[in-house]
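A quick write-up on the structure given underneath.
The values are calculated or read from the model by the stated rules, or taken from the named source; none is laboratory data. Please read these numbers as outputs of a predicted model, since none were measured by experiment. Neighbour counts are summed over all protein chains in view; Cβ atoms, including those assigned to glycine, are modelled from backbone coordinates with ideal geometry. Heavy atoms of the whole protein, side chains included, go into the accessibility calculation; ligands, DNA and RNA do not. Shrake-Rupley method; radii C 1.70, N 1.55, O 1.52, S 1.80 Å.
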Amino acid sequence: MNQFKSLRGMVDVLPEQTSLWQAIEGVAREHFSRAGIKEIRTPILEATDLFARGIGEATDVVGKEMYTFSDRGDRSCTLRPEGTASVVRAAIENGLLTQGGQRLWYEGPMFRYERPQAGRQRQFHQLGIEFLGLKEPMNDAEVISIAWHLLNDLGLKDLELEINSLGTESDRDAFRTRFVSWLESRRSELDPDSQQRLKTNPLRILDSKDKKTKVILESAPKLSELISAESRHRFLHVQQSLEDLGIPFQVNEQLVRGLDYYDHTAFEITNSQLGAQSTVCGGGRYDRLVQELGGPATPAIGWAIGLERLILLMTQQANQNPLGKSAQLSKLKKPDLYIVNQGVDAKRKALVIAQKLRDAGLRVELDSSTASFGKQFKRADRSGADYAFVIGDEEVKTGQAPLKYLRDSSTKNKEVSTEKLLHLDDLESLISTIHKEQNIH
Ligand code: ATP
Ligand code: MG
């Protein structure tokens, strides 16, 4: 029979990688909790209209990338391509917006039908925050600062923060008219993608990666020239707050972001080591979205980190610097103790002892094979555990078994004994030996 394979662009996260995922999630949770940001979990499946209306029909995400299907009740459903629209829908539906400013975070799988490559999948994961009902420029700086400090605390190096102001909708309308008429006369020189965008979503041309188009854009009218005084003032305030926070940034006037709902502040955190998929975190202010989705007028700002890209970068940087924080976080948690055991009575005893030690908080691996002591010791060594507790039927009879130190005894502190005979019914002394000697190492 043919073996099943995961769908293209859908990737398994294997046990050796999940410890890094968990470490990242742990650091993120800590940052969120310190900043008073609470978790929200929304369904992965939503009505298609939510995204069509929220993200915008003209965007690549809605136009080409959504996983959309009819369910058995003939409703058009979509696997969420991003988190913001769902969070806003949930906040409106559950009356959260009547309870003052909301600081929320989420994490989970997102789905986009894209061409898979390094850092680009069809199912990928985002970790994001959304501040709803918070309109001040200092909120923009706070939101950016949380992403910046989180990524730095994960040990990442060479990050770049780029920011831009997209102005208001009417600023962009005015700019679009001028920009399109300027580009129309140069239409034939643009790359095909940008020619197409001239009709559907002209501002995205600013984001073009095409070399020739980029050169043309250098002399094009600038959005910053048409931005209202209010928005410009706001942008300066955000920049000043970032300076106060000591966060380095660059203004990038070409930064427009792929979703339609942004106003004023837009930002990205990138690392050039990631090549074409260089954006680890992207976000911005979306003051019109809540109303667009049927809620009360509510200013908002947020960001999302792509976890696969983050992990790619952490892994690369951990390899370059094995002593760095990224490398520490990538390490698998090793068991404290491996129980080597052989014989019917010994196996019965070992099962119970393993459970009791786990209850007491130790990480314990229990050998369940009938392999020889020698083979079991090899496995104990490979497990990374510092200690093995060795139980045979003889040990059950005498009620005493050896706790062996498995690591190189020459590097070991003299106070640590290489072998210690312990009572099988006195697990307290086993636990305290391991704890005590862990402190010595
Ligand atoms: P890109 O320009 O790389 O396509 P985007 O603008 O579509 O990114 P957003 O919608 O802002 O991305 O999503 C936020 C983050 O989610 C991105 O910065 C990236 O890290 C991650 N991301 C987006 N799409 C994918 C994908 N298909 N696979 C893996 N990560 C992704
Ligand atoms: Mg994209």
Given (1) on the phi < 0 side of the Ramachandran plot; (2) open to solvent by less than 60 Å² (accessible area, probe 1.4 Å), residue 12 misses just (2)
What number of residues within segment 2-57 are within 19 Å of the chain's Cα centre (by Cα), over 15 Å from residue 79 (Cα atoms) and hydroxyl-bearing (Ser, Thr, Tyr)? 3
Taking into account only those residues within segment 69-98 that are open to solvent by 30 Å² or more (accessible area, probe 1.4 Å) and among the polar types (S, T, N, Q), which is farthest from ligand 1 (Cβ to nearest atom)? 98
Expected single match for among the basic types (Lys, Arg), farther than 28 Å from residue 169 by Cα and open to solvent by 10 Å² or more (accessible area, probe 1.4 Å) among 288, 234, 309 is 309
Please report, ordered by residue number, the strands (runs of 3 or more DSSP E) entirely within segment 33-103 with at least 2 residues that are under 20 Å from residue 292 (Cα atoms) and in the same structural domain as residue 303 (by TED's automatic domain parsing). 45-47, 76-79
Cross-chain or 6+ apart pairs with Cβ under 6 Å, segment 228-245 first and assigned by TED's automatic domain parsing to the domain that holds residue 134, then hydroxyl-bearing (Ser, Thr, Tyr): 231/165; 231/168; 235/165; 238/265; 245/145
Within the set of pairs 6 or more residues apart or between chains, which connect a residue that is open to solvent by less than 70 Å² (accessible area, probe 1.4 Å) inside segment 373-384 to a residue that is among the acidic types (Asp, Glu) with Cβ atoms less than 8 Å apart? 376/367; 380/365; 380/367; 383/365
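So which of 136, 114 ends up being over 15 Å from the mean Cα position of the chain (by Cα), among the acidic types (Asp, Glu) and within 16 Å of ligand 2 (Cβ to nearest atom)?
Answer to the check: 114.
Could you run through segment 200-254 and say how many residues are among the small types (Gly, Ala, Ser), assigned to a loop (DSSP other than H, G, I, E, B) and modelled with pLDDT under 95? Please lay out each step first, then the result.
Here is the first cut: in segment 200-254, the residues among the small types (Gly, Ala, Ser) are 208, 219-220, 224, 228-229, 231, 241, 246.
Checking which are assigned to a loop (DSSP other than H, G, I, E, B) leaves us with 208, 219-220, 228, 246.
Remaining after also requiring modelled with pLDDT under 95: 208, 219-220, 228.
The qualifying residues number 4.
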Cβ-Cβ under 8 Å, sequence separation 6+ or interchain: first residue in segment 1-17 and closer than 25 Å to residue 332 by Cα, partner polar (S, T, N, Q). Which pairs? 10/121; 10/123; 11/121; 11/123; 12/6
Residue hits (segment 347-364; more than 10 Å from residue 389 (Cβ to Cβ), touching a residue at least 12 places away in the same chain (Cβ under 8 Å) and of a type in the set (A, V, I, L, M)) are 351, 360, 362
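In this structure, does residue 328 turn out to be away from ligand 2 (no atom under 16 Å from the Cβ), surrounded by fewer than 21 Cβ atoms within 10 Å (Cβ to Cβ) and within 23 Å of residue 146 (Cβ to Cβ)? Steps first, please.
On the way: away from ligand 2 (no atom under 16 Å from the Cβ): yes; surrounded by fewer than 21 Cβ atoms within 10 Å (Cβ to Cβ): yes; within 23 Å of residue 146 (Cβ to Cβ): yes.
So residue 328 fits the description; yes.
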From the list 254, 195, pick out the single residue that is in contact with a Leu (Cβ under 6 Å, 6 or more places away or on another chain) and open to solvent by 30 Å² or more (accessible area, probe 1.4 Å). 254
Kindly evaluate residue 120 against the criterion of being open to solvent by 30 Å² or more (accessible area, probe 1.4 Å), out of contact with any Phe, Trp or Tyr (no Cβ under 6 Å at 6 or more places or on another chain) and of a type in the set (Lys, Arg). yes
Return the residues of segment 49-68 that are polar (S, T, N, Q) and buried (at least 18 other Cβ atoms within 10 Å of the Cβ); say none if nothing qualifies. 59
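Residue-by-condition table, conditions (1) away from ligand 1 (no atom under 11 Å from the Cβ); (2) over 20 Å from residue 178 (Cβ atoms):
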site	(1), (2)
232	yes, no
249	yes, yes
256	no, no
267	no, yes
272	yes, yes
278	no, yes
285	yes, yes
Failed condition for residue 152, given (1) of a type in the set (S, T, N, Q); (2) under 30 Å from the mean Cα position of the chain (by Cα); (3) surrounded by 15 or more Cβ atoms within 10 Å (Cβ to Cβ), with all others met? (3)
So for segment 234-246 (the condition being more than 24 Å from the chain's Cα centre (by Cα), within 24 Å of residue 54 (Cα to Cα) and not aromatic (Phe, Trp, Tyr)), does at least one residue qualify? no
Considering only residues that are in a loop (DSSP other than H, G, I, E, B) and among the acidic types (Asp, Glu), which ones fall in segment 104-142? 114, 136
